[in-house]
Amino acid sequence: MSTSELVKPLTEASQVSKTKPKRPLLSVHWQSFLLMLPTYIAIAIFVYGFISFTIWISLSNWRTLVRDMSLREPLLANYADLFAMPRWQADLRNTVVFTVFFMAMSFVLGLGLAILLDRKLFAGTVMRNIFLFPYALSFVVSGVAWRWIFNPEAGINVLFNILGINAALTALGVAPLQPGWATDPTVVLSLNHALAVIFPAVGKLQMQFGIPLAIVPVAIAAGWQLSGFVMAMYIGGMATISEEVREAARIDGATEWQVYRRVIIPMLAPVTISLTVLLLHTSLKIFDLVYTMTGTGPGFATDVPAIFVFEMMFKATRYNLASAAAIFMLIAVGCVIIPYLIGSFKESD
Amino acid sequence: MIAKQNTLPRKPVKISIGMVLIWIVLILALLFYLMPVYIMVVNGFKEATNVSLSTMWNLPDSVQGGGFAEAAARLWPNMKNSLLMVIPATIISSFLGALNGYLLSKWKFPGADILFLFLLFGFFIPYQAVLLPLVRFLQTIHLYGTIPGLILCHVIYGLPITTLMFRNYFAGVPNELIEAASVDGASMLGTFWKVMLPLSVPAFIVVGIFQFTNIWNDFLFGVTVVPNPAAQPVTIALNNLSGSFSVDWNVVMAGAVIAALPTALVYIFLGRYFVRGLLAGSVKG
């Protein structure tokens with residue numbers, strides 16, 4: 001596109017508009033496009049250009065402070081190195097376990113509270129605002145607070161003593177509850193032996209495929225912060241369902257519980273889909289909360305891909321490896337987000 | 001116990017048992033949601049001499065400054081950095097989002113929808129996938145390690161979401177207003193200035209609060225783009241404070257309260273708009 005081509009319709013438009021109320025379509029389109037051009041250029045460089053650059057680095061030999069952009073042979077060698085690292089394997093396992101716990105907690109609490117608050121209650125609005133409050137806070141702030149709550153010598157464990165739970169357990173001859181929380185390196189329900197039967201290679205792995213106990217407190221903190229958001233979205237969705245729908249169900253003999261199970265919750269399916277996508281993508285990207293609350297944890301029990309990238313990029317200066325991990329994160333997020341974006345776009349047309 | 005007392009053979013009783021259960025669950029939930037806030041505030045107010053892990057659930061003996069004086073002294077320069085970053089970044093990204101949203105909702109050109117999808121994807125990407133080139137780029141244009149560099153990042157990566165929010169808002173503004181303005185001879189930008197901007201004050205409040213909260217709470221850009229601790233935003237300073245062994249943890253708790261205060265106040269006083277922004281943007285980065 002030459003400048004003359006772009007400028008001509010613009011001047012035409014300003015002349016025509018004085019005589020005719022409707023301008024020629026082309027000129028209006030060009031004007032609009034030109035005004036958006038700075039945004040498109042910025043996004044083209046800062047998003048797509050930089051991603052392409054990162055992809056290149058992920059295929060390159062650049063593994064020290066000295067820049068080396070030559071491509072490494074074979075082409076995906078950095079990715080192969082990445083997936084062979086026990087730490088990265090642990091990160092993938094942690095992400096799966098974290099996602100399951102975090103999403104289960106967010107949905108149970110969020111939907112549960114939305115249903116409980118879906119009636120006339122004393123101080124209903126105040127409670128709704130309290131439940132959503134954590135969402136307005138920074139992950140760093142909540143990470144700092146939860147770090148002390150799950151400190152094995154403080155927080156919850158002290159509360160067990162104060163509430164007399166441990167005294168009761170000791171009286172019954174059971175060991176008192178003093179979990180190590182995020183300091184506990186135990187991985188329970190390890191699947192390694194079972195998997196090794198099918199894939200003998202698994203037997204050689206150093207990483208335990210199971211549930212690292214240390215990630216559970218982190219998932220609780222994340223659920224605390226985001227379940228209010230789930231609640232707010234469901235309350236917003238419920239507000240669009242008319243009272244007649246509920247009445248009709250009640251007349252058909254449905255109990256209060258059945259009204260929710262059979263009518264309201266199925267009608268909220270679009271909200272549930274959006275929330276699933278948004279929470280899943282948050283959990284794939286989770287960084288600040290884990291970084292401030294537990295860091296990488298004992299034996300990388302709370303390490304996540306975002307922390308891996310950060311440390312490899314800015315501490316270990318393993319740029320090619322860090323970039324490969326970052327591109328893997330991007331692909332994972334893309335698999336979740338792109339179908340959702342395309343789907344919601346088709347709907348709105 | 002309470003539920004049993006209410007089990008009288010009368011009709012409304014069944015409802016009240018349900019209500020008692022609802023209230024028990026709600027009160028437990030309230031305790032859970034307020035617990036971290038309680039821990040932060042209560043221990044922030046304790047003096048260094050009587051702060052201990054075993055008494056962390058107790059109220060402070062006396063309400064004096066506690067850890068707040070030291071936390072404020074340590075965090076104030078970083079609070080200032082955060083303010084200097086968040087105010088321009090919020091204003092610029094909201095304004096550009098308003099212009100883009102106006103163009104995309106009222107002057108859609110062929111292919112605008114596809115381009116918008118590419119634009120919107122930029123909001124969801126893990127920023128780890130752009131950080132290395134971003135840092136190199138900022139070094140080249142001499143904005144690395146500076147507040148203007150952070151503002152640039154937040155403006156550009158904020159464009160997709162502010163554009164989306166304004167696009168949806170302006171879609172609800174009747175097209176007749178645009179047509180009337182163009183009959184009067186107003187240009188595309190003229191209509192934006194004279195007709196659309198005055199109409200979009202509510203949208204600016206919603207988008208502004210959304211951006212203010214997101215940018216204030218950011219950690220990743222702050223920690224990677226600004227290596228010098230004195231120039232870092234407050235979220236990074238709080239993390240450093242929390243990891244430092246030379247600081248008592250009542251100071252850390254007070255620091256967490258201070259760092260949370262601006263977004264908490266916005267939430268408390270403008271919560272209605274905050275919720276609207278959530279429903280309109282429905283994403284947290």
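None of the figures in this text is laboratory data; all of them are computed from the coordinates on show. Note that the structure is predicted; figures quoted are calculated from it, not measured. Ideal geometry is used to build each Cβ from the backbone, glycine not excepted, and the neighbour counts take in all protein chains shown.
Before moving on, here are some points about what is shown:
- Radius 12 Å from Cβ of B:G44, net charge of other residues (Lys, Arg +1; Asp, Glu -1): -2
- Near-label residues of region A:30-66 by backbone N, under 15 Å of a point 7 Å along Cα→Cβ of A:L75: A:55-60
- For the peptides A:158-169, A:84-95, B:72-83, B:94-105, the ranking by mean Cβ contacts within 10 Å, running from highest to lowest, is B:94-105, A:84-95, B:72-83, A:158-169.
- Under the span-like rule (Cα at least 30 Å along the axis, Kyte-Doolittle mean at least 0.0), DSSP H helices of chain A: A:86-116, A:215-238, A:319-348
- Ordering A:I264, A:C335, A:I251 by the projection of their Cα atoms onto the charge dipole of chain A, which places +1 on the Cβ of Lys and Arg and -1 on the Cβ of Asp and Glu, puts A:C335 at the extreme positive end.
- Cα centre as origin, Lys/Arg/Asp/Glu Cβ charges: the protein assembly as shown dipole, Debye: 740
- Efficiency of FRET between B:A171 and A:E256 - r from beta-carbon atoms, R0 35 angstrom, step 0.05: 0.40
- Considering only A:A221, A:G124, A:A239, the residue lying farthest towards the positive end of the dipole of chain A is A:A239, judged by Cα position with unit charges set on Cβ.
- When shorter helices are ignored and each DSSP H run of at least 4 residues is given -39500 (n - 2.57), the per-residue value for chain A at 222 nm works out to -20500 deg cm²/dmol.
- In loop segments of region A:312-349 as defined by DSSP, the trypsin sites (Lys or Arg not before Pro) with at most 15 further C-beta atoms inside 10 Å of their C-beta are A:K315.
- Note on B:I17 and B:F269: with the Förster distance fixed at 30 Å, the Cβ-Cβ geometry gives a FRET efficiency of about 0.20.
- Dipole axis of the protein assembly as shown (+1 Lys, Arg; -1 Asp, Glu on Cβ), positive-most option in B:I114, B:S82, B:N50: B:I114
- Listed residue pairs exceeding 30 Å between alpha carbons, taken from B:K46/B:K80; A:K285/A:K315; A:K120/A:K285: A:K120/A:K285
- For the segment B:151-158, counting C-beta atoms of other chains within 10 Å of every residue's C-beta and taking the mean gives 2.
- Take each residue in A:47-56, count the other chain C-beta atoms within 10 Å of its C-beta, and the mean is 5.
- What separates the Cα centres of region A:104-141 and region A:294-349 is a distance of 28 Å.
- Peptide A:28-35 is shielded by partner chain Cβ atoms: per residue, an average of 6 of them sit within 10 Å of its Cβ.
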